[in-house]
Every structure is written in C-alpha cells, then in structure tokens.
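J.: Before anything else, here's the structure in question.
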Amino acid sequence: MRMHRKDNLDERLAACADVLTAADLSQKNMKLAAEIKDYLPLQSIFKNDNPVHLEVGCGKGAFVLGMAKLHPDINFIAIEKVSNVIITACESAMLQGIKNVHFINCAAEVLPKYFKNGTFSRIYLNFSDPLPKMGYTAQRLTHPRLLNVYAGLCVKNAEVWQKTDNLPFFEFSLESYKQLGWEVKEECRDLASCPFEGNVLTEHEIKFMEQGKPIYRAVAVINN
C-alpha cells in the first residue's frame, strides 16, 4: 500500500533546514551518486568536535531524539530515505529544540557522498526492513556490501548496535558480521531477559514489546 504524501511536504521540509540536509536525489544510480562528494560541514552544524553517531533508517525519530537528549555530549546523524517519514522526526527535533541531531533524507548507499572516512564512532540499526524475499538480500542493511560502506566511514573499532524483531534477519546479520571478521561482542535473543542501561525504545520496539514478541540485539565491533 502506497503511503499518502503528506500535505505541504516540500514546504515543511524547507522549514526544517536547520536540522535537515535535503539530499540531492537527481542521480538515481546510487553508486555514482556516492562518488560525487558533498561533505556535510559537521563543525558548522554542531558547533563542536564531539563524537558522531549514526542511525540508519531513523523512521519518525523517536530513538535518535531520545538518544540525543540522553547524550548531549554526542552528535547524532540520522538518515531516512523516505521524506514523508523523516519530516515527522525533523519537526519533532525543531519543536523540542534539540541541537545535537541532524537529519538527511538519503539511502545508506550514498552515505559516502556526505561523510568523510572516519566520521562515526557508532552506528545504530533499529528494526531495519528484513527484506525476506529472495532477490532482495543485497539490499538488507546488514548485507556485507553495506557493512563495508559503514566501515569506511567509521573510526577504528567503532561499533554497530542492532535491534530487530525478525529472527531470520538477526541470524543473517550475525553471519554477515562474522563473514567480515567483525567481533560480535554482545548477542541477546530476548532483550527483556538481558536489559541494558540507557536503552531508548523505538516506535517498533514499544509495539513489539506490547505484543510479547522477543527483541534480538547484537553489538558488533567493526574490524577496520
């Protein structure tokens, strides 16, 4: 089912320019798009040199905004390729006056267009689309193809923090980490039984917990 385009979307996105970089979507070939560099001036955006964390697929922003409030000494970049969705996150950030988070409406494949190598010290993958159909494997956000993209943008020994409700996708992700030689330092198959301090819930996580579904979590150290 196609999502209804939000009213006045273009005007609303423009009004969020302080917290949103509008991606250049003119080049449809994402590999070529990633090669045309247009690095974000993070020092100008955040006005500090604090560590930078990245959330890939931020949805409506509940997680990244919660993390930004919990960790004012960390800068957060959140990407979401669907403009119809990211507008909710941007408007929430503006309304709450949160200064240490910045959004960009791009796909993971074009991250190297906007960020230099060694930018991020942690990446969050929360309830990514498992894309279970055959033929979509390479599009999964934990496929080695995309994990290598993240690795190139991270500092040495950065971490990937993943949560999902989909067991086959979780097991696929674990295999991808191991395939690249990354250390899986934490692996939990029911987050309710192994909670950790500072866990910020996503919209999906709240729904799944109410349904009694197990949440799977992993922390992998990038071997770069």
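J.: How much accessible surface area, in Å² rounded to 10, belongs to the heavy atoms of Cys58 with a 1.4 Å probe?
T.: Roughly 10 Å² of Cys58 is accessible to a 1.4 Å probe.
J.: Here is a further query. Using square roots of five times the C-alpha gyration tensor eigenvalues, list the equivalent-ellipsoid semi-axes of segment 1-116 in whole Å, biggest first. Don't jump to the answer; show the numbers that get you there.
T.: Working: eigenvalues 87, 73, 29 Å².
Its equivalent ellipsoid spans semi-axes of 21, 19, 12 Å.
J.: How large, in Å, is segment 54-171 by the Kirkwood hydrodynamic radius built from its alpha-carbon pairs?
T.: Values: mean 1/r = 0.0678 Å⁻¹.
Value: 14.8 Å, from the Cα pair sum.
J.: Rounded to the nearest 5, what % of the DSSP beta bridges within the chain are antiparallel ones?
T.: Details: 11 of 32 bridges.
Expressed as a percentage, antiparallel bridges in the chain total about 35.
J.: Convex hull over the Cα atoms of the chain, averaged projected area in nm²?
T.: Numbers: hull surface 50.4 nm².
In nm², the orientation-averaged hull projection of the chain is 12.6.
J.: Could you order Asp7, Asp49 so the one with the most accessible surface comes first? Probe is 1.4 Å.
T.: Working: Asp7 105, Asp49 135 Å².
The ordering from most to least exposed comes out as Asp49, Asp7.
J.: Report, to the nearest whole %, how much of the accessible area of the chain belongs to carbon and sulfur atoms, 1.4 Å probe, protein only. Could you put the intermediate results ahead of the total?
T.: Working: 6130 of 11640 Å².
Here it works out to 53 percent.
J.: Ordering Lys207, Lys69 by how much accessible area each has at a 1.4 Å probe, largest first, what is the list? Could the numbers behind the result be given before it?
T.: On the way: Lys207 95, Lys69 125 Å².
The most accessible residue leads, giving Lys69, Lys207.
J.: Right, another one. Taking only C-alpha pairs under 8 Å that are 6+ residues apart, what is the relative contact order of segment 83-224 in percent? Before the final figure, lay out the partial values.
T.: On the way: 191 pairs, mean separation 37.0, N = 142.
Once divided by the residue count of segment 83-224, the mean separation gives 26 percent.
J.: Sticking with this structure for a sec: Can you work out the Karplus-derived ³J(HN,Hα) for every residue in segment 36-45? Use 6.51 cos²θ - 1.76 cosθ + 1.60 with θ = phi - 60°, whole Hz, and x for glycine or proline.
T.: So the Karplus estimates, Gly and Pro as x, are 8, 6, 8, 4, 6, x, 4, 4, 6, 5 Hz.
J.: Name the residue, out of Gly212, Gly181, Gly66, whose mean-square fluctuation peaks in a Gaussian network model built on the chain with Cα pairs under 10 Å.
T.: Gly212
J.: Kindly report, to the nearest 10 Å², the accessible surface of Arg140 as traced by a 1.4 Å probe over protein heavy atoms only.
T.: 30 Å²
J.: Please say if segment 28-74 is rounded, prolate or oblate, where rounded means a/c under 1.5 for a ≥ b ≥ c the square roots of the C-alpha gyration tensor eigenvalues, and otherwise the choice is prolate for a/b larger than b/c and oblate otherwise?
T.: Details: a/c = 3.46, a/b = 1.46, b/c = 2.37.
Since a/c reaches 1.5 but b/c is at least a/b, the shape of segment 28-74 is classed as oblate.
J.: List the aspartates and glutamates whose Cα lies under 18 Å from the Cα of Lys47, skipping any in the same chain that are fewer than 8 positions away.
T.: In chain and number order, the partners are Asp18, Asp73.
J.: For segment 14-30 and segment 119-147, what is the separation of their Cα centres, given in Å?
T.: That distance is 21 Å.
J.: What value in Å³ per residue do you get for the convex hull of the alpha-carbon atoms in segment 98-224?
T.: Dividing the Cα hull volume of segment 98-224 by its residue count gives 127 Å³.
J.: Hey, another quick one. Over the residues of segment 160-224, compute the C-alpha Rg and express it relative to 2.2 N^0.38 Å. Could you put the intermediate results ahead of the total?
T.: Details: Rg = 12.2 Å, N = 65, 2.2 N^0.38 = 10.7 Å.
Cα Rg divided by the expected 2.2 N^0.38 Å: 1.13.
J.: Another question, then. Work out from phi, with θ = phi - 60° and the Karplus expression 6.51 cos²θ - 1.76 cosθ + 1.60, the ³J(HN,Hα) of each residue of segment 97-109, listed in order in whole Hz, and give x for Gly and Pro.
T.: x, 7, 9, 9, 9, 9, 10, 8, 8, 9, 7, 4, 4
J.: Where does the chain land at 222 nm, in deg cm²/dmol rounded to the nearest 500, when only DSSP H runs of n ≥ 4 count, each adding -39500 (n - 2.57), divided by all residues?
T.: -9000 deg cm²/dmol
J.: Take the Cα atoms of segment 135-188, find their three principal axes, and give me the spread along each one in whole Å, biggest first.
T.: Principal axes ranked by extent give 29, 27, 17 Å for the Cα atoms.
J.: Sticking with this structure for a sec: Report the local net charge at Ala17: Lys and Arg +1, Asp and Glu -1, summed over other residues whose C-beta lies under 15 Å from its C-beta.
T.: On the way: positive: Arg12, Lys99; negative: Asp10, Glu11, Asp18, Asp24, Glu91.
Cβ neighbours under 15 Å give a net charge of -3.
J.: Test of understanding: extend the Cα→C-beta vector of Leu25 to 7 Å, then name every residue of segment 93-109 with backbone N under 12 Å from that spot.
T.: What the label zone holds, given the 12 Å backbone N cut-off, is 105-107.
The values are calculated or read from the model by the stated rules, or taken from the named source; none is laboratory data. Quick caveat, the model's predicted, so the values are computed rather than measured. Here the Cβ is made from the backbone with ideal geometry for all residues, glycine too, and neighbour counts use every protein chain on show. With ligands, DNA and RNA removed, areas are computed over all heavy atoms of the protein, side chains included. Shrake-Rupley method; radii C 1.70, N 1.55, O 1.52, S 1.80 Å.
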